[in-house]
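Beneath this line is the structure, given in structure tokens, with notes to follow.
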Amino acid sequence: MSSWFRQILRILGVLTATACVLFSASSNAQLQPRSGSSLDSSLGQNRPLALELAFPYFVSTSGGGYEIVWTPAPGHYLYRHAFAFSLVENEGANPQNLSFEIPDGLKKTDQFFGDIESYYDSVKVELRLENVPESEASLLIEFQGCADWGFCYPPQRVLYPLNP
């Protein structure tokens with residue numbers, strides 16, 4: 001291989017690596033939590049947070065049941081009426097609705113659903129299981145939330161494996 005061809009390959013490699021670093025940095029910057037609200041001050045526009053940042057949650061076991069705790073990002077809230085939980089014993093099985101306990105939410109008038117209860121702060125949901133689930137069982141977790149500035153996230157349906 002000639003030396004000029006090797007030089008061109010090195011330059012292309014450096015340019016590709018630089019582009020990857022710049023793209024990665026800009027992508028990660030968009031996923032960083034914003035302080036105070038989901039307002040993007042650099043553009044002067046509202047922009048939605050990634051779902052994982054807007055409504056992070058944690059699942060844990062608790063005395064024969066499960067607890068799920070959400071902590072909405074500042075300026076974001078969850079709808080009480082959108083919570084639903086089911087047990088899916090195995091692939092292809094019909095989901096079995098689970099009973100759950102959830103505290104009262106903040107009553108407000110929402111631009112999308114009218115009079116609702118919402119959660120701006122951490123909210124803990126306690127699920128009770130009547131039977132010991134099969135080894136392939138999963139929880140079907142359903143929830144929905146919005147940002148105060150008017151962006152409503154689509155309803156979420158997440159399968160959480162009980163025995164990963």
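Within region 63-78, the residues that satisfy the criterion of being within 30 Å of residue 46 (Cα to Cα) and part of a loop (DSSP other than H, G, I, E, B) are 71, 72, 73, 74, 75.
Annotation: of all residues in region 113-164 being under 20 Å from residue 70 (Cα atoms) and among the polar types (S, T, N, Q), the one that is surrounded by the most Cβ atoms within 10 Å (Cβ to Cβ) is 138. Taking region 106-133 only, how many residues are of a type in the set (Asp, Glu), modelled with pLDDT under 90 and within 18 Å of residue 59 (Cβ to Cβ)? Qualifying residue count for the region: 0.
The values are calculated or read from the model by the stated rules, or taken from the named source; none is laboratory data. These numbers were taken from a predicted model, which means no experiment stands behind them. No Cβ is skipped: glycine too gets one built from the backbone with ideal geometry, and neighbour counts run over all protein chains shown.
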